[in-house]
Every structure is written in C-alpha cells, then in structure tokens.
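The values are calculated or read from the model by the stated rules, or taken from the named source; none is laboratory data. Here the structure is a predicted model, which is why all the values come from computation and not from measurement. All Cβ positions, even for glycine, are placed from backbone atoms using ideal geometry, and neighbour counts span all protein chains on display.
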Amino acid sequence: MKSILILLLSCSLTPLFAQRDTASVRQFSLEKEKITRAGMYTLGAWSLGNFAVSGVGWARGTGSNKYFHMGNVLWNTVNFAIAVPGIIMTYRSKPVSGYFAAWKKQKQTETVYWANAALDLVYISGGFGLRALSNTPVKPINAMRWEGFGNALLLQGAFLLLYDVSLLTAHKLHAARKLDKIQPFVSASPGGFYASLRF
C-alpha cells in the first residue's frame, strides 16, 4: 500500500514540475551556449591578434625573438582551428529541455575546462623547461630556438590557463544561479522517492 501511494504521488507531481522546469532548463541551456560562444570569440580574437603581431615579428625578428613569434603563430593556428568550428557549433547546438540532460551536459563542460586547465599547467612547465634547456651547453642557434619557443609556451599557456579558469568559473556561477534552482521536486534514492515543495 505504501509503495502504491508513493508511486501515485510521484506520478501526480511529475507533470507539475516538468511543465515548470522545461522552459527554465531550456533558457539555461541557451545562456550556457552564449557563455561558450563568447569564449570561442575571445579565443579567435586572441589568435587573430597573435597572427597580426607575431606574424610581423616572425618576419622581421632575429635571434630568440624570431622563434618566440614563430611559436606564437604556430600555436594560434591550432587555437583558431578550434575557435571557428566552436563558434559554429554554438549556433547549431539545440538547447536541452530536461533537467538531468542539462545537468549532465554542465558536468561534462566543467570536466573539459578542468582538464584543459591541467594541460595549460603542463604547457607552462614545458615553457620553463625549454628556457632552462637554452642555458645548457648547446649550439647558439639551438639556444635561441629553445628560449624563443619556451617564451611562446609561457605566454600561450598563461593565456589559456586564464581563459579556461575564467570560463569554468563563468559556467559554474551560471549553473549555481540558474540550474541549481530548478531541480525537480521528486528525486529517487535507494530508500525510495522523495518529494519536496519550494516556496
């Protein structure tokens, strides 16, 4: 009897929270894509700026400065190749309407930015490693190359770390303001169904 009452309660409440939550989750999903899109535009703008400045530096630079600008251009070729499809995808992406689908997508996004931030630290470490290598007994041309590429890695890694941490923070704050406030009324656990009302 108790199980039947719980089942009836959950079934009766489901349409109520589903109707209310669908529009809210959809709006959250649209706003989430706007945050990602702004990040992709930022990455693309950074790439274009590097092409303009370091393109000239690569052509006119000498010594380690030449390799520094070369590294910036090559690195941002990859950044630009990520930014353009990323921008297109945010326009084509369809917003989700279910809370649990939105929650899963939010966690996936956070995981990606955490992983990217960890990689950024590897890039920065690599930059320091190349700079240290340039101070070892090597040919002058190699020393200039390692120093220039090391400086480029430091710059690009630092930017990407700031970029990824900023977007991670923006997505987490957005979820805290919107997604966490539209949790469904009914939740399941090993002990059964639990219903809650918020006023």
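Kindly indicate the residue of the stretch 178-188 that is exposed (fewer than 14 other Cβ atoms within 10 Å of the Cβ) and in a helix (DSSP H, G or I) and also modelled with the highest pLDDT among those meeting that condition.
Looking at residues that are exposed (fewer than 14 other Cβ atoms within 10 Å of the Cβ) and in a helix (DSSP H, G or I), I get Asp180.
With the checklist (1) surrounded by fewer than 19 Cβ atoms within 10 Å (Cβ to Cβ); (2) within 18 Å of the chain's Cα centre (by Cα); (3) modelled with pLDDT of 95 or more; (4) of a type in the set (Phe, Trp, Tyr) in hand, flag the one item Tyr91 doesn't pass.
Tyr91 satisfies every listed condition except (3).
It is to be established whether one or more residues within the stretch 43-58 are part of a helix (DSSP H, G or I) and β-branched (Val, Ile, Thr).
Within the stretch 43-58, one or more residues are part of a helix (DSSP H, G or I) and β-branched (Val, Ile, Thr).
Mind listing whichever residues of the stretch 129-165 are polar (S, T, N, Q), in contact with a Ser or Thr (Cβ under 9 Å, 6 or more places away or on another chain) and within 13 Å of Phe68 (Cβ to Cβ)? Write out each step before concluding.
As a first pass, look at the stretch 129-165 and keep what is polar (S, T, N, Q): 134-136, 142, 151, 156.
Going one step further and asking which of them are in contact with a Ser or Thr (Cβ under 9 Å, 6 or more places away or on another chain), we end up with 134, 142, 151.
The answer is Ser134, Asn151.
Condition check: among the hydrophobic types (A, V, I, L, M, F, W, C) and either at pLDDT 95 or above or touching a Leu at 6+ places or on another chain (Cβ under 6 Å) (or both). Does Ala132 satisfy that?
Judged against the criteria, Ala132 is not a match.
For Ser97, indicate whether it is farther than 30 Å from Ala175 by Cβ and either in contact with a helix residue (DSSP H, G or I) (Cβ under 9 Å, 6 or more places away or on another chain) or at pLDDT 95 or above (or both).
no
Being within 16 Å of the chain's Cα centre (by Cα) and aromatic (Phe, Trp, Tyr), is that true of even one residue in the stretch 47-70?
Within the stretch 47-70 (the criterion being within 16 Å of the chain's Cα centre (by Cα) and aromatic (Phe, Trp, Tyr)), the answer is no, since none of the residues qualifies.
What number of residues within the stretch 53-79 satisfy the criterion of being closer than 18 Å to Asp164 by Cβ, hydrophobic (A, V, I, L, M, F, W, C) and buried (at least 16 other Cβ atoms within 10 Å of the Cβ)? Show your work before the answer.
Step one: filter the stretch 53-79 for residues closer than 18 Å to Asp164 by Cβ, giving 75-76, 78-79.
Still in the running and hydrophobic (A, V, I, L, M, F, W, C): 75, 78.
From what's left, buried (at least 16 other Cβ atoms within 10 Å of the Cβ): 75.
The number of residues fulfilling the criteria is 1.
With (1) closer than 29 Å to Ser134 by Cα; (2) surrounded by 14 or more Cβ atoms within 10 Å (Cβ to Cβ) as the list, and Ala118 as the residue in question, which single condition is left unmet?
(2)
From (1) among the β-branched types (Val, Ile, Thr); (2) in a helix (DSSP H, G or I); (3) modelled with pLDDT under 95, pick out the condition that doesn't hold for Val138.
Every listed condition holds for Val138 apart from (2).
Scanning the stretch 144-177 for residues that are touching a helix residue (DSSP H, G or I) at 6+ places or on another chain (Cβ under 6 Å) and polar (S, T, N, Q), which turns out surrounded by the fewest Cβ atoms within 10 Å (Cβ to Cβ)?
Asn151
Can you tell me which of Thr136, Thr90 is β-branched (Val, Ile, Thr) and within 25 Å of Tyr41 (Cα to Cα)?
Thr90
Among all residue pairs at least 6 apart or on different chains, which show Cβ distances below 7 Å where the first residue, located in the stretch 139-159, is more than 13 Å from Asn72 (Cα to Cα) and the second is in a helix (DSSP H, G or I) and among the aliphatic types (A, V, I, L, M)?
Note: pairs meeting the criteria are Trp146/Leu130; Trp146/Leu133.
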